[in-house]
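Below is one structure, written out as structure tokens; the observations come after it.
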Amino acid sequence: MAYVKIKPIHSNIEKALEYITNPDKTSNSTLVSSYGCSISPKDAKLEFEIVNKKAIKKRKDSVIARHLIQSFSPEDNITPELANKIGQELATEVLKNEYQYVVATHMDKGHIHNHIIFNTTSITENKKYRSNKYTYKNIQKISDRLCIENSLNVIPKSIEERKGKSYKEYMETKKGSSWKEIMKTDIDNTINKCSTFNEFIEEMKKQNYVIKQGKYISFKHPNQERFTRGKTLGEKYSEESIRYRISNPNKIELNKIIEINEKIKSKGAGFKKYAAKKNIEELSKMTKIMSENNINSLLDFNNLYKETFLKLNQSNETIFTINKKIEAISSDINLILTWKKTKDISDEYLKLEGNEKDKFIVEHQDALNSHILCQKKLKEKYSKTKIPKLSTLKDELSQLENTLKEEIIENYSLKQDYITFSKLKDNIKYILGLESEGEKNYFLNKKFDINVEI
């Protein structure tokens, strides 16, 4: 597997080139190559500058080059020569022979890794290289494909999405040496051995975790000073997700079938083998999901998909309505609290006369204005009914928050079902050849009157 990281170079390009081309790190410079420039740091710096000067008027930032690092796992047992070859292919495909670059493979650490330093000004059009999250994802995607084609593993998607993490950070995550990873591992392990949410809470406490349950569930490890929200660890660690994972221990994660077309075939035998294996796995998962949900025909699936979609929409509307009610009651509580807080000042003001009254207004104008405004809003809202007691509103708010929590948990479950059925729908459409633009809504709108076994 290979993980990529990219960072800007603002100055001292020669020093950066000297570091990556160091003979001690590159098997006496046999693992160094270049395009459009020399492998000599001094010469390459001058050649970069010649190209940069042509576009100097167009440049608005100080980034003169970029440093791309491609790190391989020791688990892959990759040779330095193959790593260098993959590095050159990555540079060629990403930069399309439009930018000067130097590729160097280092083998002086516990893992083999490539360094690619490239000019940010194009040789051909003097245009600027644009670096953003999309170009970064594209680089990682190309790197993954090259790894697959050379029978190497691929970084898991959940790790890949953490843009900018170094190989060291990735390996620390993999080893579980960061406290966040330790906490996530403890939560995952506890979920796997519990059958109820209450049992999960008790098991976490036995591991000396302090749990805080409110609007969001939070955890505190004995070595931590502050609580960490579950959501901060990732969506999988929110309360609704934890409850769902406990209730669905054998949940199947379905992925989209890889279309084997001419473009895919041109990627090489390694990728074709990988795609075929993944597709067999997905077909097996599809069969299991359909069996568990008693889907025996397209009509069965169509009805189940629509039913789940409607339930999810209804749940979203319910959550929206409850939130509006909570906002309204919370607003009333704040109005009453502010009114009560400023009542003594208002009462005192009403007892005064003449100059004392004028002086009192100057000193307490904000409080008096707040009291009058709160009183006006409450009278407008409750013009035909009595203003409710604060305790009554607080009880109603508490009940609504509990109802909202229950609905969010149910909503999360429906969302997971909908995601699974959506992926299943896409795969069935592909298998049955229903992918053309004219048939985009065919699958959901068609009234199937035949019992076709899937």
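The values are calculated or read from the model by the stated rules, or taken from the named source; none is laboratory data. Predicted model only: the values in this text are computed from it and were never measured. Neighbour counts are summed over all protein chains in view; Cβ atoms, including those assigned to glycine, are modelled from backbone coordinates with ideal geometry. Ligands, DNA and RNA are stripped out before the accessible areas are found, and what is left, the full protein with its side chains, is counted by its heavy atoms. Shrake-Rupley method; radii C 1.70, N 1.55, O 1.52, S 1.80 Å.
For the pairs Lys184/Lys415; Lys7/Lys184; Lys184/Lys288; Lys141/Lys415; Lys341/Lys389, flag any whose C-alpha to C-alpha distance is greater than 18 Å.
Numbers: Lys184/Lys415 23 Å; Lys7/Lys184 29 Å; Lys184/Lys288 29 Å; Lys141/Lys415 28 Å; Lys341/Lys389 15 Å.
Cα-Cα > 18 Å for Lys184/Lys415; Lys7/Lys184; Lys184/Lys288; Lys141/Lys415; rest within.
Taking all protein chains into account, the per residue accessible area for the stretch 9-128 stands at 48 Å² (1.4 Å probe). Computed from Cα atoms, the angle from the helix 133-149 axis to the main principal axis of the chain rounds to 50 degrees. Backbone phi angles across the stretch 34-48, fed through the Karplus curve with coefficients 6.51, -1.76 and 1.60 (θ = phi - 60°), yield HN-Hα couplings of 8, 9, x, 7, 7, 8, 6, x, 5, 5, 4, 4, 5, 5, 5 Hz in residue order; Gly and Pro are listed as x. Of the residues Thr385, Ile336, His364, the one whose Cα sits farthest toward the positive end of the charge dipole of the stretch 325-410, with +1 on the Cβ of Lys and Arg and -1 on the Cβ of Asp and Glu, is Thr385. Reported to the nearest whole Å, the Cα centre-to-centre distance from the stretch 217-241 to the stretch 6-32 is 41. For Asn255, no residue has an amide H sitting under 5 Å from its own, ignoring neighbours fewer than 5 places away on the same chain, with H placed 1.01 Å from N.
If you take all other residues with their beta carbon under 13 Å from the beta carbon of Ile333, and give Lys and Arg +1 and Asp and Glu -1, the sum is +2.
Where does the chain land at 222 nm, in deg cm²/dmol rounded to the nearest 500, when only DSSP H runs of n ≥ 4 count, each adding -39500 (n - 2.57), divided by all residues? All intermediate terms of the calculation are to be shown ahead of the outcome.
On the way: 16 runs with 261 residues, N = 454.
My calculation for the chain gives -19000 deg cm²/dmol from helical runs alone.
If I compute percent of Cα pairs over 34 Å apart from the structure I just sent, which labelled value in (i) 59; (ii) 42; (iii) 30 lines up? Given (i) 59; (ii) 42; (iii) 30, the structure-derived one carries the label (i).
About its Cα centre, how strong a charge dipole does the stretch 337-426 have in debye, to the nearest 20, once Lys and Arg get +1 and Asp and Glu get -1 at the Cβ?
Working: 18 positive and 17 negative charges, 62 e Å.
Charge dipole of the stretch 337-426: 300 debye, to the nearest 20.
A cut-off of 5 Å between modelled amide H atoms, ignoring neighbours fewer than 5 places along the same chain, links Tyr216 with no other residue. Considering only Thr420, Thr185, Ser29, whose Cα is most displaced toward the positive end of the charge dipole of the chain, charges sitting on Cβ of Lys, Arg (+1) and Asp, Glu (-1)? Of Thr420, Thr185, Ser29, it is Ser29.
Could you work out what % of the accessible surface of the stretch 193-233 is carbon and sulfur, using a 1.4 angstrom probe and leaving DNA, RNA and ligands out of the count? Here carbon and sulfur together make up 41 percent of the probe-accessible area. Cross-link check: pairs Lys25/Lys180; Lys85/Lys277; Lys351/Lys377; Lys45/Lys127 evaluated at a Cα-Cα cut-off of 30 Å; pairs beyond the cut-off: Lys25/Lys180. The length gained by stretching the chain between Glu363 and Lys394 to full extension, at 0.36 nm per residue less their Cα-Cα distance, is 7.9 nm. Just to verify a number: FRET efficiency for Ala269 and Arg130, C-beta to C-beta distance, R0 = 22 Å, to 0.05? Given R0 = 22 Å and the Cβ-Cβ separation, E is 0.05. Rounded to the nearest percent, how much of the accessible area of the stretch 333-375 (1.4 Å probe, protein heavy atoms only) is carbon and sulfur? Carbon-and-sulfur percentage of accessible area, whole number: 51.
Report the charge-dipole magnitude of the chain in Debye, nearest 20, computed about the Cα centre from +1 at each Lys and Arg Cβ and -1 at each Asp and Glu Cβ. Kindly include the intermediate steps, with their values, before the conclusion.
Working: 81 positive and 64 negative charges, 173 e Å.
With only Lys, Arg, Asp and Glu charged at Cβ, the dipole is about 820 debye.
Once the chain from Lys193 to Leu46 is taken as fully extended at 0.36 nm per residue, the excess over their C-alpha distance is 46.7 nm. Taking 0.36 nm per residue of sequence separation and removing the Cα-Cα distance, the Glu14/Thr232 pair yields an extension gain of 74.4 nm. Based on protein heavy atoms only, the stretch 333-431 ends up with 68 Å² per residue of surface accessible to a 1.4 Å probe. How would you classify the stretch 1-134 from its alpha-carbon gyration tensor, with a ≥ b ≥ c the square roots of the eigenvalues: rounded for a/c under 1.5, else prolate if a/b is greater than b/c, otherwise oblate? Prolate, because a/c is 1.5 or more and a/b exceeds b/c.
With each label modelled as a point 7 angstrom along the Cα→C-beta vector, the Lys7-Lys220 pair spans 3.5 nm.
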